[in-house]
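Rule-based calculations on the coordinates, nothing more; no lab input. Given the structure is predicted, the values throughout are model-derived calculations rather than measurements. FYI the Cβ positions are ideal-geometry reconstructions off the backbone, even for glycines, and counts take in every protein chain you see.
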Amino acid sequence: VSRDRRVLRLAGDVRHRVVGDEGVVLRQVAREVLVVNETGARVLSLIDGSRTLGGIADALAGERDAAPAVVARDVTTFADELLAAGVAELVRPAAE
Amino acid sequence: MTAATFGERFLSGEPPRERGGMEIGSPGELAGAVALPGGSHHLHGLSAAQVEALARRFGERWGSPLGAAAVEVRVHRAPPEVFRTVDTRGWEYALDFDFTADRVHLAGLGLYADLHLPPAPQQGLRAGLWVDSSAPAAFPGAAENLLRVATAYRLLAVGGVLVHAAGVACDGLALAAVGRSGAGKSTFARAAAEDGATVLSDDLVALLPGPKGEHGATAPPRLAALPFTGDLPAAPGAPEAPCAVVLRLEQAPADTLRPLGPGEALATLIACAPSVNADPHRRETLLATLSALLAALPAGACRALGCTAAGGWPLAASLLREAERS
């Protein structure tokens, strides 16, 4: 499995907060509120404009004692959803 | 909303505040006050007819301005040409907002207002309200529109939130049935009233932080009545009670209850916190305030209530009774 080298940051109008075992994403411009699960909330908190998605997957796999390949695939899928929804923006593409 | 488009649905050009000579003074020199959760809202520059109209609208909450104001409003007359004539047939009314770090401008049917937000809550809010001088009958509605927005900001400043909800109190505890327009709040509230419960409001309630107890423990939030209602009249007095249950109203073929996750609960309240939830300068405060209020609720207090046309009240009442027993 190739590492996802993309780097994301959250869009400027996005704020998020972890509450219990869920996360809430507030998109001010779109006037939307999204709810994500605990893992999604953790991924959001790790998206900082400098870590690669592969690095985020490594961190998550270490925290959760989960299979790295599975976590990496889930992080990539979730990141694609965030990009499609405009919650996150690409800082660095997979290959430069 | 950008400054270029702000108010264009309602104003024929620059806002009255920017027009200088277009303002033609206050309607009168009288003053009055509305007692609301978060503090008294004082209005100045009123005519005798406006005082009478507001007294009718706000009932026993209306009186003379005494002490410090939580919100201070100066009313101005503006010539009718400032405002556009709007064909409201088949139209859903929503105010226009322009948000800045320390001010909120709003425009609506026959009104423009400029709300100054202080850096510290003890300073109170100040507002200017410009109303169409040729439409005296529209004044109470215009004033209430500003007061609703001012209440949202005032409550946020003191750690509370204005919530689109039917508030109901029964046996010393209260519940908030949260939902936007058309969710069934009035139906729910009517069913509660017919069953002998006290309806705090069928449209907007104040969710306020509970008092700090010993050792820093926080009591559950309080749910307080507001005179901002939909189909039902305002509750007499100013009832409030500890909030034991928060329900998200959902249309369903049968009355059902399911737990609401903490994220769902927070998202629901954000979506139902009018005015401030659209303000980009207040989003961190809103998130933090609602998170704190939700954390202070009893465990399992948040549920989704699927309700039929009957309004789901019997299920909600059983939850309140359960909360009372525990």
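Shown for B:153, B:93: other C-beta atoms within 10 Å of each C-beta, ranked fewest to most, produce the order B:93, B:153.
What number, in percent, do you get for the relative contact order of chain A if the mean sequence gap of Cα pairs under 8 Å and at least 6 apart is divided by its residue count? Intermediate values should be presented prior to the final figure.
On the way: 147 pairs, mean separation 37.1, N = 96.
Relative CO of chain A lands at 39 percent.
Which value in nm describes the separation of the simple spin-label points at residue A:70 and residue A:31, placed 7 Å from the Cα toward the beta carbon? Output for this residue pair reads 4.2 nm.
For the pair residue B:137 and residue B:194, the difference between a 0.36 nm per residue extended length and the Cα-Cα distance amounts to 17.3 nm.
Here each label is just a point 7 Å from Cα along the line to Cβ, and for residue A:50 and residue B:238 those points are 5.1 nm apart.
The value given for region B:104-194 is a Kirkwood hydrodynamic radius of 15.4 Å, derived from the mean inverse Cα-Cα separation. Applied to region B:237-245, the Karplus parametrisation 6.51 cos²θ - 1.76 cosθ + 1.60 on θ = phi - 60° returns per-residue 3J(HN,Hα) values of x, 9, x, 7, 7, x, 7, 9, 9 Hz, with x for Gly and Pro.
What is region B:250-326 by shape, rounded, prolate or oblate, if you read a ≥ b ≥ c off the alpha carbon gyration tensor as root eigenvalues and call it rounded for a/c under 1.5, prolate for a/b larger than b/c, and oblate otherwise? Please report the intermediate quantities before stating the final value.
Numbers: a/c = 2.85, a/b = 1.60, b/c = 1.78.
Oblate.
With the Cα gyration tensor of region B:1-159 giving a ≥ b ≥ c as the square roots of its eigenvalues, does the rule (a/c under 1.5 for rounded; else a/b larger than b/c for prolate; else oblate) give rounded, prolate or oblate? In terms of gyration-tensor shape, oblate.
With the largest listed first and rounded to whole Å, the semi-axes of the equivalent ellipsoid of the protein assembly as shown from the Cα gyration tensor are 40, 29, 19. Taking amide H as placed 1.01 Å from N in the peptide plane, residue B:76 has its amide H under 5 Å from the amide H of B:129, B:130, B:131, each at least 5 places away in sequence or on another chain. The length gained by stretching the chain between residue B:101 and residue B:12 to full extension, at 0.36 nm per residue less their Cα-Cα distance, is 29.5 nm. What shape does chain A have by the C-alpha gyration tensor, where a ≥ b ≥ c are the square roots of the eigenvalues, rounded means a/c under 1.5, and otherwise prolate means a/b greater than b/c and oblate the rest? Because a/c hits 1.5 or more and a/b fails to exceed b/c, chain A counts as oblate. One chain, two ends: residue B:181 and residue B:325. Fully extended at 0.36 nm per residue, the span grows by 48.6 nm beyond their Cα-Cα distance.
Stokes-Einstein diffusion coefficient for chain B at 25 °C in a medium of 0.890 mPa s, Rh from the Kirkwood formula over Cα pairs: what value in µm²/s?
Working: Rh = 20.4 Å.
Once the numbers are plugged in, D ends up at 120 µm²/s.
Which whole-number percentage describes the relative contact order of chain B, with Cα contacts under 8 Å and a sequence gap of 6 or more? Numbers along the way, then the final one.
Values: 720 pairs, mean separation 47.1, N = 326.
The value is 14 percent.
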